[in-house]
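Here, each number is a calculation from the coordinates, and none is a lab measurement. Treat the numbers as computed from the prediction; the structure is a model and nothing was measured. Please note: Cβ atoms are built from the backbone with ideal geometry, for glycine as well, and neighbour counts cover all protein chains shown.
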Amino acid sequence: MNQYALVADLGGTQMRVALVDRVGQMQHWSMAPTDAHTGRDAVVERLVYAFECAISEIRPERPIGVGVSLASPIDAGTGVMHNPPNLPGWDGYSLKSVLGERLSLRVSFGNDAALAAVAEHMHGAGRPYRHMVYMTLSTGIGGGVIIDGRLYTGARGYAGEIGHVTIDRNGPTCNCGNVGCLEAMASGTAHKSVRQRGCCSGRTGGIRGGKIRRRGCRGNSAGGRYKLGDRDRKPASRIRPRGNRHRRRSVAEPRATLAGNEQGDKDALNGAPASKSADREI
């Protein structure tokens with residue numbers, strides 16, 4: 001009989017649920033907006049519904065347990081979250097009892113970036129190394145630290161919160177309440193805020209260009225989605241579920257780029273208007 005674990009990643013923007021077998025293969029995968037603004041109870045109901053849909057894929061079998069990664073400093077034993085910056089109203093809350101009762105399964109918790117660090121160390125680029133620092137950049141910025149092959153959590157499990165290190169004491173206020181956090185200045189949310197301000201000021205993150213500005217005002221990413229470190233800008237891939245099977249679909253390469261050529265890049269970095277050739281590329 002196959003054995004599956006029911007897993008979820010609950011972030012500030014999206015929630016993902018999957019069934020994973022003992023060798024790490026996904027048998028079911030789904031994704032939905034977190035919509036944190038609708039309130040904690042509404043988010044929990046959508047999460048439970050996603051779990052129930054996943055369980056229905058393997059009936060009459062049952063998962064052996066539930067693992068949840070959360071975008072929050074968290075006490076892994078109790079599941080209590082401490083001031084999650086992108087999940088307002090969740091401070092001091094634990095999903096442990098509600099998920100345990102609704103699903104009748106044992107539930108374990110961890111910080112999303114810390115668990116990603118463990119996965120990267122076990123299965124990814126970190127396998128050859130005993131010591132590793134892992135960093136995530138999404139709605140917020142998080143991190144995980146591997147020392148001597150083990151996750152370093154600190155006294156209360158909050159170690160590795162790289163995103164809430166102050167890098168500018170005169171910077172913007174972060175959702176965590178601190179000032180000038182790395183997350184407040186360099187996360188996906190921060191970039192979106194900069195782009196929106198650029199729409200009003202006529203500048204977008206220090207880069208000039210009419211089409212970039214118009215695309216930013218429509219809520220689109222100026223440069224599209226690419227794999228990190230892909231200098232040739234090859235289109236990334238998405239995984240779309242179809243029952244218990246997965247279909248890979250290539251994302252069409254977007255037309256806009258941050259700068260059309262080397263001169264455009266230099267102009268953008270120096271705060272000068274982009275060259276005409278760069279505008280034509282954009």
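What the pair-distance distribution of the range 122-192 shows, using all Cα-Cα distances binned every 10 Å from zero, is 21, 41, 28, 10 percent. The length gained on full extension between ASP91 and THR13, counted as 0.36 nm times the residue separation minus their Cα-Cα distance, comes to 26.4 nm.
Across the range 133-142, rounded Karplus estimates of 3J(HN,Hα) from the backbone phi angles (6.51 cos²θ - 1.76 cosθ + 1.60, θ = phi - 60°) give 10, 10, 10, 10, 9, 8, 3, x, 10, x Hz, Gly and Pro being marked x. Our coupling estimate for the range 162-176, obtained by passing each phi through the Karplus curve with A = 6.51, B = -1.76, C = 1.60 and θ = phi - 60°, is 4, x, 10, 8, 6, 10, 8, 5, 9, x, x, 6, 7, 4, 7 Hz, Gly and Pro reported as x.
Quick one: which residues, 5+ away or cross-chain, put their amide H under 5 Å from the amide H of ILE141? H built at 1.01 Å from N. The answer is none. For the range 1-137, build the charge dipole from Cβ charges (+1 Lys, Arg; -1 Asp, Glu) around the Cα centre, then report which of THR38, TYR49, VAL66 sits farthest towards its positive end. The Cα lying farthest towards the positive end belongs to VAL66.
If I take R0 = 45 Å and measure r between the Cβ atoms of ASN178 and ARG62 in this structure, what FRET efficiency does the formula 1/(1 + (r/R0)^6) give, to the nearest 0.05? Please list the in-between numbers first.
Values: r = 43 Å, r/R0 = 0.95.
The value I calculate is 0.55.
Within the range 5-80, report the trypsin sites (Lys or Arg not before Pro) that DSSP leaves as loop and that have at most 10 other Cβ atoms within 10 Å.
Numbers: sites: ARG16, ARG22, ARG40, ARG46; in loops: ARG22.
Taking the range 5-80 and a limit of 10 other Cβ atoms within 10 Å, the loop trypsin sites (Lys or Arg not before Pro) found are ARG22.
Using θ = phi - 60° in the Karplus curve 6.51 cos²θ - 1.76 cosθ + 1.60, the 3J(HN,Hα) couplings for the range 37-42 round to 5, 7, x, 4, 4, 5 Hz; x is entered for Gly and Pro. Annotation: amide H-H contacts under 5 Å for MET15 (H modelled 1.01 Å from N, sequence separation of 5 or more, or interchain): ALA32, THR34.
Around the amide H of HIS28, modelled in the peptide plane, lie the amide H atoms of LEU19, all under 5 Å away and 5 or more residues distant in sequence or on another chain.
With 0.36 nm allotted per residue and the present C-alpha distance subtracted, the ALA186-ALA76 stretch has 36.9 nm of extension available. Counted over all Cα-Cα pairs of the range 1-167, pairs farther apart than 24 Å make up 35 percent.
Distance from the alpha carbon centroid of the range 22-56 to that of the range 90-157 works out to 18 angstrom.
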